[in-house]
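Asker: Here it is: the structure, laid out below.
Read-outs throughout are calculated quantities, based only on the coordinates presented, and are distinct from any laboratory measurement. Here the structure is a predicted model, which is why all the values come from computation and not from measurement. So basically every Cβ, Gly included, is an ideal-geometry build from the backbone, and we count neighbours across all protein chains shown.
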């Protein structure tokens, strides 16, 4: 109650501030934006894209940023606060609220061009870095976990994190989940190749039933920390998993990634030349849909599971065999990535020039990602 009264009393001051900012922006543009710090994927993806675009000269002027008090990773938040001009949440929130009463308010809203989509292919280096102390701390973590060689991070999305962290109903995102047990063959393949496999996750539904000295169910072993999430994702040989927040960490640190059970298909990191992709099969009337059918009906951009149901589309998870084939392909080629050639059988059908239904801007930069070799044979 006291905070609401305080915000109300601040409104006249903020309106005056909006007028001042608009006046000063005649000479030096000033914008204010929110860091989406409550969801890891957008927290890292949006911020890294913005910083890359800023370095490329795409964003001019001075941008100020605010975030809510429910940061998903305090370590990452502290690092970004050193790279951005930050202001208190109440000031930033009220500024954008009051600014919307005036024409052209969008011109004073700080944000990356297309959220976490690298549409300008500007993202060329990680902006998150480690201090010497953190590098030492990370080496101690690896020793504590019993890791003394190469390791792979595995992240399988389920609905446990959103269900237990937020009061909002996020069940419309459940279409992105998959069964962790179907990754068992791929995990065993990596173990046979000498890798340590670390199953990541803040809150996950159930442990993986794999007993091996080099398999670590980090989400359940009681040693998980915010720093550990960042360090392991940054230092892994490569990562395997579904499209979810954690995968933004290896992507930010330029680590190779095997995306499996990916959906929606058009929201793939097409500019990542170290990514390998296979997607959930789209089934309608008992038949798997072709790429052309997926894109033509708009399913490639569905971000709500209910939209698939309305069109009579069922999403079918990748099989254990398909996941094993994709992971084996990465293991066979690593570290000889980035990939050397595109696959015209996929990119000739992919709507690379498509626009976002939310803001009308293009979704993609230059395509560099690879499709799983064996998986693609089923779509040609």
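Asker: Give me the percent of DSSP beta bridges within the chain that run antiparallel, rounded to the nearest 5.
Answerer: Beta bridges within the chain, antiparallel portion: roughly 20 percent.
Asker: Right, here's the next one. Indicate the gyration tensor shape class of segment 320-380 (rounded, prolate or oblate), computed on the Cα atoms with a ≥ b ≥ c the square roots of the eigenvalues: a/c under 1.5 is rounded; otherwise a/b larger than b/c is prolate and the rest oblate.
Answerer: prolate
Asker: Going by alpha carbons, how many degrees (0 to 90, nearest 10) lie between the helix axis of 2-24 and the longest principal axis of the chain?
Answerer: Orientation of helix 2-24: about 80 degrees from the principal axis.
Asker: Continuing with this model, one more query. Quick check: Cα centre of segment 113-169 to Cα centre of segment 342-380, how many Å?
Answerer: Each part reduced to its Cα centre gives a spacing of 25 Å.
Asker: Report, in degrees rounded to the nearest 10, the 0 to 90 angle that the Cα long axis of helix 40-55 makes with the longest principal axis of the chain.
Answerer: 60 degrees
Asker: Taking Cα atoms, how many degrees apart are the long axis of helix 132-145 and the longest axis of the chain, rounded to 10 and kept between 0 and 90?
Answerer: 40 degrees
Asker: Gain in length, residue 78 to residue 221, computed as 0.36 nm per residue apart minus the alpha-carbon separation, to one decimal in nm?
Answerer: Here the segment from residue 78 to residue 221 would lengthen by 48.9 nm.
Asker: Further, regarding this structure: Could you check which residue among 177, 221, 63 shows the biggest mean-square fluctuation in a GNM of the chain with a 10 Å Cα cutoff?
Answerer: 221
Asker: Here is a follow-up. Can you list, bin by bin at 10 Å, the percent of alpha carbon pairs in segment 90-182, starting at 0?
Answerer: 10, 17, 28, 32, 10, 2
Asker: Between segment 191-205 and segment 250-293, what is the C-alpha centre distance in whole Å?
Answerer: The distance from the Cα centre of segment 191-205 to that of segment 250-293 comes to 21 Å.
Asker: Residues in segment 242-277, backbone N under 19 Å from the label point at residue 352 (7 Å along the Cα-to-beta-carbon vector): list them, ranges by number please.
Answerer: Counting backbone N atoms under 19 Å from the label point, the list is 265-277.
Asker: Using the Kirkwood formula on the Cα atoms of segment 247-380, what hydrodynamic radius do you get, in angstrom to one decimal?
Answerer: Values: mean 1/r = 0.0645 Å⁻¹.
After inverting the mean inverse Cα-Cα distance, the result is 15.5 Å.
Asker: Kindly give the semi-axes, whole Å and largest first, of the ellipsoid equivalent to segment 210-297, taking each as the square root of 5 times a Cα gyration tensor eigenvalue.
Answerer: Computed over segment 210-297, the values are 30, 17, 11 Å.
Asker: Which residue fluctuates the most in the chain, going by a Gaussian network model with Cα springs under 10 Å, if the choices are 33, 149, 228?
Answerer: 149
Asker: Let me check I have the definition right: for segment 140-188, take the eigenvalues of the Cα gyration tensor, multiply each by 5, take square roots. What are those semi-axes in whole Å, largest first?
Answerer: 29, 17, 7
Asker: Can you report the principal axis dimensions of segment 2-108 using only the alpha carbons, biggest first, rounded to whole angstrom?
Answerer: Principal-axis extents of the Cα atoms in segment 2-108, largest first: 38, 35, 20 Å.
Asker: Taking neighbour counts of Cβ atoms within 10 Å as a proxy for exposure, in what order, fewest first, do 8, 259 appear?
Answerer: On the way: 8 10, 259 23.
By the 10 Å Cβ count, ascending, the order reads 8, 259.
Asker: Along each principal axis of its Cα atoms, how long is the chain end to end? Whole angstroms, biggest number first, please.
Answerer: So the three principal-axis extents are 64, 51, 41 Å.
Asker: When the chain is modelled as a GNM with alpha-carbon springs shorter than 10 Å, which of 318, 148, 73 fluctuates the most?
Answerer: The residue with the greatest mean-square fluctuation here is 148.
Asker: Order of 155, 289 from fewest to most other C-beta atoms within 10 Å?
Answerer: By the 10 Å Cβ count, ascending, the order reads 289, 155.
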